[in-house]
Amino acid sequence: MAHLLLSAAHKSSGKTTLCIGICAELQYRGIKVQPFKKGPDYIDPMWLSQAASCPCHNLDFYTQSHAELRENFAQHLTNSDIAIIEGNKGLYDGLALDGSNSNAALAKLLKAPVILVIDVQGITRGIAPLLLGYQAFDSEVQIEGVIFNKVGGTRHEQKLRQVVKHYTDFQVLGAVQCNKDLNIVERHLGLIPSNESTAPQQQIAIIRKQIAAQVDIELLQALASTAQTIATASKSVPILDTSLPIKRLRIGIAMDAAFGFYYLGDLQAMEAYGAELLPFSPIQDQALPDVDGLFIGGGFPETHMEVLEANIAIRNAIANFIEAGKPVYAECGGLMYLTNSITWKNKTCAMVGTIAANTIMYERPQGKGYVRLQETANCPWSTKDTVSQVLAGHEFHYSRLENLPSNLTFAFTVLRGDGIDGTHDGIVYKNLLAGFAHFRDVRGHHWTRRFLEHVRGCVPT
């Protein structure tokens with residue numbers, strides 16, 4: 001199956017915008033394109049999903065084994081013509097000194113040809129040693145070409161092409177000129193999510209036309225077609241424990257401009273385990289749907305805190321739901337929404353108030369990166385087999401909970417990361433679990449199944 005990986009020399013090189021444009025143009029031509037994003041990310045996949053008209057999936061060394069990465073990748077390619085993988089950070093960047101979790105490592109694992117996106121602002125002849133160095137650093141990485149980004153004009157492009165042709169064997173797939181129309185507004189966590197953009201399809205269409213005019217899409221497809229076949233083992237499918245009483249569960253999912261950080265695979269797993277997912281909006285809805293449990297994911301409640309505060313009816317409904325002992329899981333933005341208030345830019349707005357703390361937004365991250373959490377017996381989903389197990393996840397928040405009471409109960413001990421107070425994460429109150437960590441349903445941690453089993457146990461027989 002044709003596939004390739006777009007990476008860069010460093011982050012903020014514009015590869016997300018290029019990936020959006022490439023996916024949109026392929027889809028516009030009637031080609032079934034499957035987008036992927038390396039690493040833990042919600043925002044870029046939202047844009048890529050809309051551009052490709054196909055859900056984007058994440059590939060993450062930290063939470064997935066090599067076998068699972070290969071199998072998931074191959075599985076999602078079944079009904080597609082081509083896969084476009086967007087890297088994160090630079091080609092050789094990653095946690096490990098040996099590069100074993102870098103974009104380059106993913107390219108080798110998936111036998112993916114690599115296209116480098118280079119921000120060429122202020123570069124002419126220097127492009128040659130940069131490209132040659134990347135090529136020589138790891139000869140097993142199949143770097144096939146380069147796309148110049150943020151080119152300063154026709155003369156700049158000509159110089160770059162001449163240098164690359166003279167000194168290297170790289171193919172130039174395109175030269176994208178500096179253009180404000182290619183900019184997606186950024187905020188503290190990165191790009192503005194597409195679920196908040198007032199006209200995401202209009203913006204994607206503009207990007208598509210610009211990229212189609214400046215990138216050789218036919219050459220890109222040809223290079224992608226040189227990718228080797230990926231050998232995989234048989235797929236291991238999670239199966240419901242049929243010893244449990246089978247009962248259709250209804251789970252309310254907070255989905256609107258304030259809450260939209262969900263992994264598609266997690267929602268699909270919930271449905272596979274017998275859940276009916278019912279979206280609701282904490283911004284607009286006046287009441288909760290008739291559900292057995294709630295999942296309030298991450299997002300940007302701080303940018304919508306005034307309308308969230310104004311919707312007193314839904315805040316009270318959620319508070320009453322929790323007080324009644326009904327099961328709720330909240331991640332990051334969901335945690336913030338359940339506190340007494342959010343303070344941002346010198347303004348404070350009231351939130352649900354179930355968690356006796358105040359959320360304060362800061363200018364710098366208060367927690368960022370991968371986390372490792374050790375489960376305690378306080379976790380409402382715990383069993384004798386899961387207590388003390390170590391769970392992998394990630395966090396990225398500019399917020400901190402302050403004025404915390406001293407008698408809080410926590411589900412996790414933080415081994416790596418920041419969590420709620422540097423030592424703990426996962427506030428437990430009745431059947432609520434709320435923390436800063438984001439989990440992902442993967443082979444080593446089927447959290448959705450555990451949550452649903454907990455919900456099932458809370459439902460009266």
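Just so you know, all these numbers are worked out from the coordinates, no wet-lab data involved. Not measured: the values here are computed from a predicted model. With ideal geometry, Cβ positions are generated from the backbone for all residues, glycine too; neighbour counts draw on all protein chains shown.
At a threshold of 8 angstrom on Cα-Cα distance, excluding pairs fewer than six apart, so keeping six or more, what relative contact order does the stretch 2-224 reach in percent?
On the way: 404 pairs, mean separation 58.6, N = 223.
Worked out over the stretch 2-224, it gives 26 percent.
Normalising by residue count, the stretch 305-350 has a Cα convex hull of 63 Å³ per residue. The loop-placed GluC sites (Glu not before Pro) in the stretch 356-447, going by DSSP, that have at most 12 neighbouring Cβ atoms within 10 Å of their Cβ come out as E363.
Rank these for me by crowding, T63, T348, T448, going from fewest to most other beta carbons within 10 Å.
Working: T63 23, T348 15, T448 26.
Sorted ascending by nearby Cβ count, the order is T348, T63, T448.
Beyond 25 Å, what share of the Cα-Cα pairs of the stretch 2-224 is found? Please give it as a whole percent. Write out the running numbers ahead of the final one.
Values: 8613 of 24753 pairs.
For the stretch 2-224, the share of Cα pairs beyond 25 Å comes to 35 percent.
Can you tell me the convex hull volume per residue for the stretch 7-78, based on C-alpha atoms, in Å³ to the nearest whole number?
On the way: hull volume 6.4 nm³, N = 72.
Measuring per residue, one finds 89 Å³ for the Cα hull of the stretch 7-78.
Convex hull volume of the Cα atoms of the chain, normalised per residue: 148 Å³.
Mind ranking 352-358, 93-99 by how tightly packed they are, going by the mean number of other C-beta atoms within 10 angstrom, highest first?
On the way: 352-358: 20.1, 93-99: 13.4.
Result, highest mean first: 352-358, 93-99.
Under the criterion of Cα pairs below 8 Å and six or more residues apart, the relative contact order for the chain equals 13 percent. This ranking places R208, R248 by how few other beta-carbon atoms lie within 10 Å of each, fewest first, which gives R248, R208.
Principal axis analysis of the Cα atoms in the stretch 249-458 yields extents of 45, 37, 30 Å, listed in decreasing size.
Counted over the stretch 2-224, the DSSP beta bridges are approximately 10% antiparallel. What is the ratio of the Cα radius of gyration of the stretch 267-388 to 2.2 N^0.38 Å, with N the residue count, to two decimals? Rg over 2.2 N^0.38 Å, computed on Cα atoms: 1.15. Counting only alpha carbon atoms, the long axis of helix 127-137 and the longest principal axis of the chain meet at about 70°. Helix 15-28: angle to the longest alpha-carbon principal axis of the chain, degrees 0 to 90, nearest 10? Approximately 80 degrees, to the nearest 10. Multiplying each eigenvalue of the alpha-carbon gyration tensor of the stretch 384-440 by 5 and taking the square root yields semi-axes of 18, 15, 10 Å, largest first, rounded to whole angstroms.
Could you order the peptides 212-220, 119-127 from most to least packed, using the average number of other C-beta atoms within 10 Å per residue?
Details: 212-220: 17.8, 119-127: 15.9.
Ranked from most to least packed, the peptides come out as 212-220, 119-127.
Computed from Cα atoms, the angle from the helix 154-167 axis to the main principal axis of the chain rounds to 80 degrees.
Distance check, please: which entries in K37/K326; K89/K368; K89/K111 exceed 23 angstrom between their Cα atoms? Over 23 Å apart, Cα to Cα: K37/K326. Cβ-to-Cβ counts within 10 Å put I296, I314, I207, I43 in ascending order as I314, I43, I207, I296, the fewest first.
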